[in-house]
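As structure tokens, the structure follows; a few thoughts come after it.
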Amino acid sequence: MTITKDHIGGLIFLSFSLAYGYYANQIALIPGDEFQPFHARTLPNFLAVLGSGLALLQLLTATKSRDATLSLAGYDFWLMGKLLLLMVAFSLALKWVGFLVSTALFLAGGYWLLGERRPKVILLASVPFAISFWFLLTQMLDIYLAPGQLFRLAQGG
């Protein structure tokens, strides 16, 4: 049996998806929420099932080439590290500048790290998406997103 990078990637993604699904079921629900069609566990469970399905699809369709070697050459680990640091900065920025600003900055920074240098493209790809996602969460799904500590300090409270 030949194990390729596709198999290893699929197994890792399947493991993460299954663990995510397990922890998604540990999310506490408000009494009565279990009877609602959409609650705190709905989206995480959907993502866990989707991720598991895609991982299984990856495992089933992976090529079984005999000349596939397991080499780490060609991967940009510096870029991966920078993207991970950007994610940590995003999580820290959420508390201070709120969801909308931190999401737009996160997306803009990600596009810049991935090689896009045109400011107009970066702004048009990040800001409308962040606003649309914020609108979907706050207005359509009625999910409260804190505006951020700097916004509260600016208001004097």
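The values are calculated or read from the model by the stated rules, or taken from the named source; none is laboratory data. Note that the structure is a prediction, hence the values are computed from the model and not measured. Note that each Cβ is placed from the backbone with ideal geometry, even for glycine, and that neighbours are counted across all protein chains shown. SASA here: full protein model, heavy atoms, side chains in, ligands and nucleic acids out. Shrake-Rupley method; radii C 1.70, N 1.55, O 1.52, S 1.80 Å.
Please report the carbon-and-sulfur percent of the accessible area for region 70-126; probe 1.4 Å, protein heavy atoms only, DNA, RNA and ligands left out.
Numbers: 3190 of 4130 Å².
Of the solvent-accessible surface of region 70-126, carbon and sulfur hold 77 percent.
Quick check: residue separation of I27 and H39 times 0.36 nm, minus the Cα distance between them. What number comes out in nm? Please report the intermediate quantities before stating the final value.
Details: separation 12, 0.36 × 12 = 4.32 nm, distance 1.01 nm.
Stretched out fully, the I27 to H39 stretch lengthens by 3.3 nm.
I'd like the Karplus ³J(HN,Hα) series for region 18-29: coefficients 6.51, -1.76, 1.60, θ = phi - 60°, whole numbers in Hz, and an x wherever there's a Gly or Pro.
So the Karplus estimates, Gly and Pro as x, are 5, 5, 4, x, 4, 6, 5, 6, 8, 5, 6, 10 Hz.
Under 15 Å from the Cα of K5, which aspartates and glutamates turn up, not counting those fewer than eight places away in the same chain?
D67
Would you tell me the accessible area of H7, worked out with a 1.4 angstrom probe on the heavy atoms of the protein chains, in Å² to the nearest 10?
Its heavy atoms expose roughly 20 Å² to the probe.
I need the per residue convex hull volume for the chain, using only the alpha carbons, in cubic angstrom as a whole number.
Values: hull volume 26.9 nm³, N = 157.
Looking at the chain, the number lands at 172 Å³ per residue.
Positive end of the dipole of region 1-92, charges at C-beta (+1 Lys, Arg; -1 Asp, Glu), about the Cα centre: which of A19, I8, G53 has its Cα farthest in that direction?
Going by the charge dipole, the pick is I8.
At a probe radius of 1.4 Å, what is the per-residue accessible area of L43, in Å² to the nearest 10?
The value for L43 is about 90 Å².
Can you give the accessible area of R117, probe radius 1.4 Å, in Å² rounded to 10?
Roll a 1.4 Å probe over it and R117 shows about 130 Å².
Applying the Karplus parametrisation 6.51 cos²θ - 1.76 cosθ + 1.60 with θ = phi - 60° to the phi angles of region 124-136, what ³J(HN,Hα) value in whole Hz is obtained for each residue in order, glycine and proline being reported as x?
Result, ordered by residue: 6, 8, 9, 5, x, 5, 4, 5, 4, 5, 4, 4, 4 Hz.
Name the residue farthest towards the positive end of the dipole of the chain from the options L145, G74, G156, assuming +1 on Cβ of Lys and Arg, -1 on Cβ of Asp and Glu, about the Cα centre.
The residue sitting most towards the positive pole is G74.
With every protein chain present, what is the per residue accessible area of region 44-157 (1.4 Å probe, Å²)? Spell out each step's value before the answer.
Numbers: 8410 Å² over 114 residues.
I get 74 Å² per residue for this part.
Under unit Cβ charges (Lys, Arg +1; Asp, Glu -1), what dipole magnitude, rounded to 20 debye, does region 20-136 have relative to its Cα centre? If you can, show how the numbers build up before the last one.
Details: 8 positive and 5 negative charges, 70 e Å.
For region 20-136, the charge dipole is close to 340 debye.
Starting from the Cα of K95, step 7 Å along the direction of its Cβ; do the same at L113; then give the gap between the two resulting points in nm.
Each label point lies 7 Å from its Cα, and together they span 2.0 nm.
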